[in-house]
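What follows is a single structure, written as structure tokens, with notes after it.
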Amino acid sequence: MITQPQAMATPTPDPDEERRRIQTARLVAYRDDGPLAHFLAGKLGAGVPPVPATLVALLAVVAVTVAGLLDSGGPILLLPVAIVLLLVLPTTPRDHLGRFDWLTPPLLRAAEFFTVIAIGLAADAPKWLLFVLVYVVGYHTYDTVYRTRQSIWPPAWVFRAGLGWELRLLVIGAGAAFGVLTPVLAVLTAYLFVLFAVESVTSWVRLDKASAQAGADAEQDLEASPEDALEQATGEAEKG
């Protein structure tokens, strides 16, 4: 007796597991980790809780700035960068599924922006240039959040090309320590502006074209007469 083979049932994904996976992916994207953070993630074990570490980093940079430790300039301007990197990089391996882990991205962005501004003001960098850099990175963060909430994920390469918060801070700290912060800021800001703007615009244009094409195809299918549909189906059957 020959029996028909039964199709293998496709396992239904666990909704809770899928939710946790998406939450982790979103929060990791919002962190905007760069090449250095990803390189170290596999070498730091389980990592440390992200919210306390990031909050301590932010408060420590604020304390260093308020205490006037950056006023002398020079290599001391690397201190806030070192604080943020040493405290926040070990949080990279975490899955960010804790109850308050959603606070990590805004705390990290606040630590990055405050560090940039503190170093820039201490090094007498143009204030407008600091503002533009913060705006460019802020736009990239907003674009990432908006896209992921539409289930449109930015490509992984844009986070690596954008250097991540850690390499951006290292570049700025090194530029300030060597007394060349203004040209470093100018080059970094221009590079990030072109990168994030071009990638964002091209992605949205590509999405709009795909949506328009899908809408046109659907409208064409609705407008097709029953005779045309039957003729098309018959033709496809004959080809098969």
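The values are calculated or read from the model by the stated rules, or taken from the named source; none is laboratory data. Computed from a predicted model, the values in this text were never measured in an experiment. Ideal geometry is used to build each Cβ from the backbone, glycine not excepted, and the neighbour counts take in all protein chains shown.
Of all residues in the stretch 22-49 being touching a helix residue (DSSP H, G or I) at 6+ places or on another chain (Cβ under 9 Å) and outside any helix (DSSP H, G or I), which is nearest to Phe100 (Cα to Cα)? Among residues in the stretch 22-49 that are touching a helix residue (DSSP H, G or I) at 6+ places or on another chain (Cβ under 9 Å) and outside any helix (DSSP H, G or I), the one nearest to Phe100 (Cα to Cα) is Pro49.
Evaluate the following for Val145: is it under 15 Å from the mean Cα position of the chain (by Cα) and either in a helix (DSSP H, G or I) or modelled with pLDDT of 95 or more (or both)? Against the criterion (under 15 Å from the mean Cα position of the chain (by Cα) and either in a helix (DSSP H, G or I) or modelled with pLDDT of 95 or more (or both)), Val145 qualifies. Is it the case that Leu133 is crowded, with 19+ Cβ neighbours inside 10 Å, part of a helix (DSSP H, G or I) and touching a Ser or Thr at 6+ places or on another chain (Cβ under 7 Å)? Yes; evaluated as a whole, the condition is true for this residue.
Every test in (1) of a type outside the set (Phe, Trp, Tyr); (2) in a helix (DSSP H, G or I); (3) farther than 19 Å from Leu70 by Cβ is passed by Thr182 save one, and that test is (3).
Name the single residue, out of those in the stretch 83-114 being assigned to a loop (DSSP other than H, G, I, E, B) and surrounded by 20 or more Cβ atoms within 10 Å (Cβ to Cβ), that is modelled with the highest pLDDT. The selected residue is Thr92. Among the conditions (1) part of a helix (DSSP H, G or I); (2) surrounded by fewer than 20 Cβ atoms within 10 Å (Cβ to Cβ); (3) at pLDDT below 95, the only one that Phe159 does not satisfy is (2).
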